[in-house]
Structures are given as structure tokens and as C-alpha cells.
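Quick note: the coordinates plus some simple rules give every number you see, no bench work behind them. Just so we're clear, the structure is a prediction, and the values are computed from it rather than from any experiment. Cβ sites come from the backbone with ideal geometry, for glycine too, and all protein chains shown count toward neighbours.
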Amino acid sequence: MANRKLVVWLRQGVAGWNQWREQYPDVMVDLSDTDLSDVDLSGANLSNAKLMRANLSEANLSGADLRWVKLNQARLTSASLSGARLAYADLSDADLGGADLSAAQLCDAKLRRAQLNQAQLTNASLNRARLNLSRLTQANLDGADLGGAVLSEADLSQARLTNVVLNRARLNSTLLNQADLSGADLSNASLDHANLSRANLNAAKLTKALLQGANLEQVTVSGADFQGADLRGIPWLIIKNLTLQPGTNFSGVLWDCPPD
């Protein structure tokens, strides 16, 4: 249960709050179930705080320190978290629809089943983040770093992922239909049974990527590098159409033998 005195102090201003946190770093901050919607918390030190089920919709948390924070089931719709530090934060089942997380640091964060539809994650750091079963439809992740992230069974339909880093990421059974992955680095990524229908993979790097059984119908791959990728389980006609697109590299690719 939230400490009501702490809520009052926090609402009085970030400067005083941060000074108090510095003086008493070992005090447990419990703000669970608190309504902090539309509150200016930019630059606030909320590291290690408990904010489970808190309402932070439209709150300003830009530049805030949210490392190791517990935000399970929190509501952060349309909140500003640009440049926020969220390494190791737990945002499982949180609602971040329409939130601004541009340039946020989310390395090793837990975002399982999080709602991130139409969220802004441009240039965000999400290395090793766990986003499995999350929803990121129409989200903007241009330039984001998701190296080693887990996105299995996530929904990234119509998402923007241009020049994103997804090397060694896990995207098994992920929905990426109509996503823009142009210039993306998917080297050594696992995309088995992913749905990439009508996606844009122009100039993408897919060297040694695992794509067994993936849906690559009507995908554009001009200039893409598939060297050493595994395309087994994909219909030969689809693979043939991919190889006919200009500038592609399919050397060393594994695929099922074409029919006689």
C-alpha cells in the first residue's frame, strides 16, 4: 500500500523529493495504486520504487530515474518518458499506449504483455529487454537498439523499425506484418514462424537469421542480405520471388529443395 505522506512530498515538487531521496536512500518508496496522472515528475529519482497499478497517464517522467522500479500493471498512457532511465524496470502488463519513450534506456527491462500500441520508442535502448507477448502495433522504433531482446509472440504489426538493431533477438511467432524493417540489423536473429507478410525488408541484414516456417508473402527485400540464413519450411515459390528482387544476397542460404 502506498505511503500517503510520500505521495504528498512527491506532489510538492521534484527538487525537494530528490533531496530527500539523497538523504534517505534506504527508505522503501511504495507508491502502489497511487493516482499521479498528469503530474510533472521530470527528472524525479524514483529508482527502486514500487508503483504497481499506479495511474501515471499523461504524467511527465522525462529524464526520470526509474531503474529497478516496479510498474507492473501501471497505467502510463500518453505519458512522457523520453530519456528516462528504466534499466531493469518491471513493466509487465503495463499500459504504455501512445507513450513517448524516445531515447529511453530500457536495457534488461521486463515488458511482458505490455501495451505499447502507437508508442514512440525512437532511438530507445532495449538491449536484452523482455517484450514477449507485448503489443506494439503502429509503434515507432526507428533507430532503437533491441539487440538480444525477447519479442516472441509480440504484435508489431505496422510498426516502424527502420535501422533498428535486432541482432540475436528472439522473434519467434512474432507478428511483423506490414512492418517497416528497412535497413534493420536482424543478423543471427530467430524469426521462426514469424509473420512478415507485406513487410519492408529493403537493405535489411539477415545474415545467419533463423526464418524456418516464416510467412514472407509479398515481402520486399531489395538490397537485403540473407547470407547463411535458414529459410527451410518456406514455400519455394515465395523464395524464388525473393531471389528475383534486385541487390539481394542469398549465398549459403538453407532452403527446401525446389520441386521437380
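Which entries in Lys208/Lys240; Lys70/Lys208; Lys110/Lys208 show an alpha-carbon gap greater than 25 Å?
In this structure, Lys70/Lys208; Lys110/Lys208 exceed 25 Å between Cα atoms.
Cβ under 15 Å from Ala54's Cβ, Ala54 left aside: what net charge do those residues give with Lys, Arg +1 and Asp, Glu -1?
-2
Treating the beta-carbon of each Lys and Arg as +1 and of each Asp and Glu as -1, no other charges, what is the dipole magnitude of the range 99-227 about its Cα centre, to the nearest 20 debye?
Dipole of the range 99-227, to the nearest 20 debye: 340 debye.
From the helices alone, meaning DSSP H stretches of at least four residues, give me the mean residue ellipticity at 222 nm for the chain, per-run term -39500 (n - 2.57), in deg cm²/dmol to the nearest 500.
-3000 deg cm²/dmol
Please compute the net charge surrounding Ala129, taking Lys and Arg as +1 and Asp and Glu as -1 over other residues with Cβ under 12 Å from its Cβ.
For residues surrounding Ala129, the net value is +2.
Name the aspartates and glutamates eligible as straight-distance cross-link partners of Lys205: C-alpha to C-alpha under 12 Å, and not fewer than 8 places from it in the same chain.
Asp185, Asp225
Note down the net charge around Ala114, summing +1 for each Lys or Arg and -1 for each Asp or Glu among other residues with Cβ under 9 Å from its Cβ.
With Lys, Arg at +1 and Asp, Glu at -1, the net is +2.
Give me the distance between the Cα centres of the range 138-205 and the range 18-67, rounded to whole Å.
For the range 138-205 versus the range 18-67, the Cα centre distance is 32 Å.
Give, rounded to the nearest 20 debye, the magnitude of the charge dipole that the chain has about its Cα centre when Lys and Arg contribute +1 at Cβ and Asp and Glu contribute -1 at Cβ.
Value, rounded to 20: 400 debye.
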